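Let me begin by presenting the structure, written as structure tokens, before commenting on it.
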Amino acid sequence: MESQVQHLYFQPSQEYSHNHDVGVKTGINAQTGYRPPRRDILDLQKDLPQFSLYIQAMNRMMQTPEVALTSYFQIAGIHGRPFIAWDNVNPTTPDSGIPIGYCTHGNTLFPTWHRPYLALIEAIMAGHAQTIAKTYPVASRPLYQTAADNLRIPYWDWAAFPQRFPDVMTWPTVRINTPTGLVNVTNPLFQYKFLSNPEPEEWFPSTGGDSFVGSLPTTVRYPDANNKSQSQFINMNFADDGIYLTQAVWNTFAKTRTYNEMSTTANPTFANSFEGPHNTIHIFVGGNGHMSPVSYSGFDPAFWLHHTNVDRHVAMWQAIYPDTWIEPAISQGGTWTIYPNTVVDGNTPLTPFTTGDKTTPWTSNSARYTKSFGYSYPEVQDWLQRTPAQLAANVTARVNQIYNPDGSLGTFPARSMRIRDPSIAARDTKREWSVTVSVPNKAVGEGFSVKVSVGDVGVGKLFVVSAPTQIALDAGANPITNSQFTLTRGLTDVDSENVDEVLSQLRENLKWTVVKTSDGSVVPNHEVEGLAITVQDQIVTPAPDATKFPVYGEKTLHPEVTL
């Protein structure tokens, strides 16, 4: 393994080597527990002082020389390429870790690893904002100082209606108020410009599956023949398949009741997870650009707004189900510091991130709560709630309001569904049909998708971002991606309570299509080894009001549909 993992790291100059705390301490009210919220980018954009500081701070990060630990290049590179150690954090033993980034995908550490990662870039950004705020004219300086104290990184809620890629992320320049007045500046949300292009060959190889994006001077999204981004294709994806994202997010909130199930698509119970729609967004935004391959996705500025939204969903889920937590599970794929096919748990170090003493690594247990990092989300104002039950009820109501406004996903009576109403008339139980897709990540040899339809009506789409490494396969790992989709949209012309009628409809019309992400070519189903499609139904008891979710009964499997 020593020959496979190169223990390389930057040796930053003293000029650029400085404190890299994880988390922001300003703006917090120690008495009340208030913590500044991470705001929706569409909301932050309307706040000229905070938005101006955020844009300038991110530009400063992107302009920081790559030799600096706190440069945008190095922070983004923690996730994947250039596959070198950050802050000299290497595998603990010669036979641990594989030549890949530190990021944990396809295992239960997925939510908690990204939490200190986001908090790290947030702290660096906030540090720049503090410096910039102090350069404003004396008359406006207090306003900008307060804005800096309360500034946190924003999120993009890609699952909320109306679904579209934020316009502000498509503009090469953006108008903000700087210390010298209103000016147009380079927009750090549009792209990142590599400062040392071309990067060293051993970092960004000129050959291999992802070599194309590694050769480009800037990040791109759906690049054309001239390597210019075509953001219109992102919104076309939302128009075609965006509804699947909303359904997947709501289903994870409503149907997934254990942390391990919620945390990853690799869960063995075929439940819903936030990692599923997360994978979709990477492909929706990147196309054949930087956001799609795991090895380069951290360099696209959209990565941070996307993952902040995933962290927001996880924080909301935690507020609804506060008593369930991570259980030991196998990490199939492995990372720079975790060898494939080994067990991880709440005490597994979330490398390379360390706590305030710069030595003790963050773990899932220490990163469990957002208050440890000094931020909150608008939906999870835990300091205002008297009890965990009250917080859970309020957050559940917000989930229903945002992702299930008409009640159609949760079997609420559509016309009587009103979030502000204290109660909603109960209905009799109903039978809900769904389909589970399970497929080995190695099945196609590269990233691919599986789209499930009933006739011409699409009901869900699963994305496998990348194939496992050969090292992971040699270690006996066989990572599998699982997703579950509700079939309601495809069964509108049949009585869902009539089992025979539904099964007949599905036997005739249920279909699935496997497509390579790289070139859009269709892979015949019989060539996708290990692909399993399973139909099931379950009895659902509707929620009595919007502060609760429906109750889902045991699943009855119908393997005969897909034989």
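The values are calculated or read from the model by the stated rules, or taken from the named source; none is laboratory data. This one's a predicted model, so the numbers in the text were calculated from it and none came from an experiment. As a convention, Cβ positions derive from the backbone with ideal geometry for all residues, glycine included, and neighbour counts pool all protein chains shown. Side chains included, ligands, DNA and RNA excluded: accessible areas come from the protein's heavy atoms. Shrake-Rupley method; radii C 1.70, N 1.55, O 1.52, S 1.80 Å.
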### Query
Considering only protein heavy atoms, what per residue accessible area in square angstrom results for the chain with a 1.4 angstrom probe?
40 Å²
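If you take the alpha carbon radius of gyration of segment 249-402 and divide it by 2.2 N^0.38 Å, what ratio comes out, to two decimals? Walk me through the numbers on the way to the answer.
Values: Rg = 16.3 Å, N = 154, 2.2 N^0.38 = 14.9 Å.
Ratio of Rg to 2.2 N^0.38 Å for segment 249-402: 1.09.
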### Query
What's the angle, to the nearest 10 degrees (0 to 90), between helix 48-63's Cα axis and the longest principal axis of the chain?
70 degrees
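Using packing as a proxy for protection, rank 282-290, 451-459 so that the peptide with the highest average count of other Cβ atoms within 10 Å comes first. List each step's numbers first, then the result.
Numbers: 282-290: 24.7, 451-459: 17.3.
Ranking the peptides 282-290, 451-459 by packing returns 282-290, 451-459.
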### Query
For the peptides 164-172, 126-134, what is the packing order when you average, over each peptide's residues, the other Cβ atoms within 10 Å and list the highest mean first?
126-134, 164-172
#### Entry: Chain lengthening between Thr324 and Ser521 when straightened (0.36 nm per residue, less Cα-Cα)
66.8 nm
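Sorted by average packing, counted as other Cβ atoms within 10 angstrom per residue and highest first, what order do 26-34, 489-497, 464-472 take? Provide the component values of the computation, followed by the final result.
Working: 26-34: 12.9, 489-497: 15.0, 464-472: 20.7.
The peptides rank, most packed first, as 464-472, 489-497, 26-34.
Using the Kirkwood radius over C-alpha pairs as Rh, can you work out the diffusion coefficient of segment 184-225 via Stokes-Einstein at 20 °C, viscosity 1.002 mPa s, in µm² per second? Don't skip to the answer; put the middle values down first.
Numbers: Rh = 11.5 Å.
Answer, rounded: 186 µm²/s.
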### Query
For the pair Thr180 and Glu560, what calculated FRET efficiency results from E = 1/(1 + (r/R0)^6), where r is the Cβ-Cβ distance and R0 = 56 Å, to the nearest 0.05?
0.20
### Summary
Log entry: pair-distance distribution for segment 251-341, C-alpha pairs binned every 10 Å from zero, whole % per bin is 15, 40, 38, 7, 0
### Message
Can you tell me the length gained on complete extension of the stretch Arg257 to Thr541, counting 0.36 nm per residue apart and subtracting the Cα distance?
### Response
100.6 nm
### Query
Relative to the first principal axis of the alpha-carbon coordinates of the chain, what is the inclination of helix 499-509, with its axis defined by its Cα atoms, in degrees from 0 to 90 and to the nearest 10?
60 degrees
### Query
Under a point spin-label approximation (7 Å from Cα along Cα-to-Cβ), what is the Asp495-Val551 distance to one decimal in nm?
2.6 nm
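As a test of the definition: which semi-axes, in Å, follow for segment 121-203 when you take the square root of five times each eigenvalue of its alpha carbon gyration tensor? Largest first, please.
Working: eigenvalues 139, 84, 44 Å².
Equivalent ellipsoid semi-axes, largest first: 26, 20, 15 Å.
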### Message
Can you report the principal axis dimensions of the chain using only the alpha carbons, biggest first, rounded to whole angstrom?
### Response
72, 56, 46
### Task
Keeping the other protein chains in place, figure out the carbon and sulfur percent of the accessible area of the chain, with a 1.4 Å probe.
52 percent
### Message
If I fit a long axis through the Cα atoms of helix 275-286 and take the longest principal axis of the Cα atoms of the chain, what angle between them do I get, 0 to 90°, rounded to 10?
### Response
60 degrees
### Message
So for segment 439-563, considering every pair of alpha-carbon atoms, how many percent are separated by more than 23 Å?
### Response
43 percent
### Task
Among the lysines, select those whose C-alpha is under 26 Å from the C-alpha of Lys511, and discard any that sit fewer than 8 residues away in the same chain.
Lys255, Lys430, Lys442, Lys451, Lys461, Lys555
### Paramagnetic reach from Thr218 (point 7 Å along Cα→Cβ, amide N under 20 Å) across segment 249-288
285-288
### Ellipsoid equivalent to segment 517-563 - semi-axes via the Cα gyration tensor, in Å
35, 18, 7
